[in-house]
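The structure appears below as structure tokens.
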Amino acid sequence: MSNTRIRAAITGIAGYVPDDILTNEELSRMVDTSDEWIMTRVGIRERHVLKGEGKATSDMAVEAVKRLFEKTGTKPEEVDLLVWCGVTPDMPFPATANIISYKLGINNAFSFDINAGCSSFLFSLVTMASYIESGRCKKIVLIGAEKLTMYVDYTDRSTCPLFGDGAAAALIEPTTEDIGFIDSITKADGAGVKHLYLPAGGSLLPASIETIVRRQHYIIQDGQTVFKAAVSKMADTTMELMQRNNLTSDDIAWLVPHQANLRIIGATGNRMGLPKEKVMVNIDKFGNTSSATVPLCLWDYESKLKKGDNMIITTFGAGFTWGAIYLKWAYDGAKYASKD
Ligand code: UT7
């Protein structure tokens, strides 16, 4: 009997962002802000916005998965689990994953949603790795997709420049090679709830005329508190993961950080001793897309990724939730160069 160890590996990635773009210039005509303030404090130049009646998170997710199927040659009936993660479901129920599966003709799979704020994709990757390592699943589609601009108060200059819409999907499969998921740290602390949340629309404060008049369906964030916590938790967690896997900065090919603020990304990279070229950044063009930031980065940088590259993924988000994953990238991204 063979004792071969099964690891989970990302074997394909594809993204989709809607066509409409909201620039800093346009925002500065809506609230008292400027391109200069947003670029120096946050690092966002523009963000994509899903517009049009009847357009939902699942529509972006479906486009991303169609591209994923096309480039990896995957058929809908081969998928045995589809998970959507994020904070902007189409509806409170049923799960957005069910809607996505239906729209794609995926009918041999079970599907469900995961919400862990901006750490949704990282926590979901860890969960999906367990499904693969246990032998329970062979082909998983994991999607981070958000219509986050629906929660944005475009009269509040402290939050309205930050968020954007977008989607990206990963194919996750088993491998017996020395690649894929190796280690992870995942953490949560509910003491963070009051610093980043959306007050109304849930069981605590159901939607009503009053909640609308009081503008309680928009993101509330204590930016400075979240900023400080994000910097320390992302840096501490990645350092812990590096130390226990005997990794130095030279061993790491890529850091994939959640894209919430270029200064948070820079601080994390510096603490790990990484040069800028090893740190994935696309916040300038997409803003903070919550669950979609990590897979959108992987999609953006895919052509540069090489099989065996050591990669650290790290996120911080509402909850608070945070964590880091250490993996070895599973394929030469260049092989898909003509397919995106
Ligand atoms: O993805 C989930 C996790 N989220 C995060 O990680 C976000 C973490 N937080 C942040 O990224 C930053 O705290 C923000 C980008 C939200 C804010 O940046 P900051 O450097 O912390 O600014 P601040 O809140 O300390 O505000 C500094 C000043 C204030 O003016 P005064 O009181 O000094 O006169 C603000 O009113 O900047 C002002 N300000 C703005 N000015 C121009 C706040 N927003 C704006 C704006 N344009 N859009």
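A few points about this structure:
- Order of exposure, largest accessible area first, which applies to Glu277, Glu173 with probe 1.4 Å: Glu277, Glu173
- Between 0 and 90°, nearest 10: helix 262-271 axis offset from the chain longest Cα axis: 40
- Relative packing of 136-142, 108-114, which averages over residues the other C-beta atoms within 10 Å, highest first: 136-142, 108-114
- Mean separation of Cα contacts under 8 Å, 6 or more apart, over the residue count of the chain: relative contact order %: 25
- Under 14 Å, Cβ to Cβ, from Val87 - net charge with Lys/Arg +1 and Asp/Glu -1: -3
- The Rg/Rh ratio for the chain, using Cα coordinates for both the radius of gyration and the Kirkwood hydrodynamic radius, is 0.95.
- Karplus-derived HN-Hα couplings along the range 274-284 (A = 6.51, B = -1.76, C = 1.60, θ = phi - 60°), whole Hz, x at Gly and Pro: 9, x, 4, 5, 8, 10, 6, 9, 9, 4, 4
- Neighbourhood net charge (13 Å Cβ-Cβ; Lys/Arg +1, Asp/Glu -1) for Ser158: -2
- Sequence-distant residues sharing a close amide H with Cys118 (under 5 Å, placed H): Gly317, Ala318
- DSSP beta bridge pairing in the chain, given as percent antiparallel to the nearest 5: 70
- Ligands, DNA and RNA left out, the 1.4 Å accessible surface of the chain is 51% carbon and sulfur atoms.
- Spatial separation of Cα centroids for the range 211-272 and the range 67-134, in angstrom: 24
- Across the range 181-333, Cα pairs under 8 Å and at least six residues apart give a relative contact order of 34 percent.
- Residues whose amide H lies under 5 Å from that of Ser184, counting only those 5 or more places away or on a different chain, are Tyr326; hydrogens are built 1.01 Å from N in the peptide plane.
- Vicinal HN-Hα couplings computed from phi for the range 134-142 (Karplus, 6.51 cos²θ - 1.76 cosθ + 1.60; Hz; Gly/Pro x): 7, x, 5, 10, 10, 9, 10, 9, 10
- Here the mean projected area of the convex hull built on the C-alpha positions of the range 7-178 is 11.1 nm².
- Cα long-axis angle, helix 223-244 against the chain (0 to 90 degrees, to the nearest 10): 10
- Ranked by the mean number of other Cβ atoms within 10 Å per residue, highest first, peptides 83-91, 279-287, 199-207, 125-133 order as 83-91, 279-287, 125-133, 199-207.
- Given Lys66/Lys228; Lys233/Lys307; Lys103/Lys187; Lys71/Lys187; Lys55/Lys233; Lys75/Lys187, the pairs whose alpha carbons are separated by over 31 Å: Lys66/Lys228; Lys103/Lys187; Lys71/Lys187; Lys55/Lys233; Lys75/Lys187
- Charge context of Lys147, other residues only, Cβ under 11 angstrom, K/R +1, D/E -1: -2
- The string of couplings for the range 207-217 from the Karplus curve (6.51, -1.76, 1.60, θ = phi - 60°) is 4, 8, 4, 5, 5, 6, 4, 7, 6, 9, 9 Hz, one whole number per residue in order, with x for Gly and Pro.
- Average accessible surface area per residue within the chain, 1.4 Å rolling probe, Å²: 44
The values are calculated or read from the model by the stated rules, or taken from the named source; none is laboratory data. All values reported here derive from a predicted model rather than from experimental measurement. Reconstructed Cβ throughout: ideal geometry from the backbone, glycine too, with neighbour counts over all protein chains shown. Note: accessible area is taken over every heavy atom of the protein model, side chains too, but ligands, DNA and RNA are not part of it. Shrake-Rupley method; radii C 1.70, N 1.55, O 1.52, S 1.80 Å.
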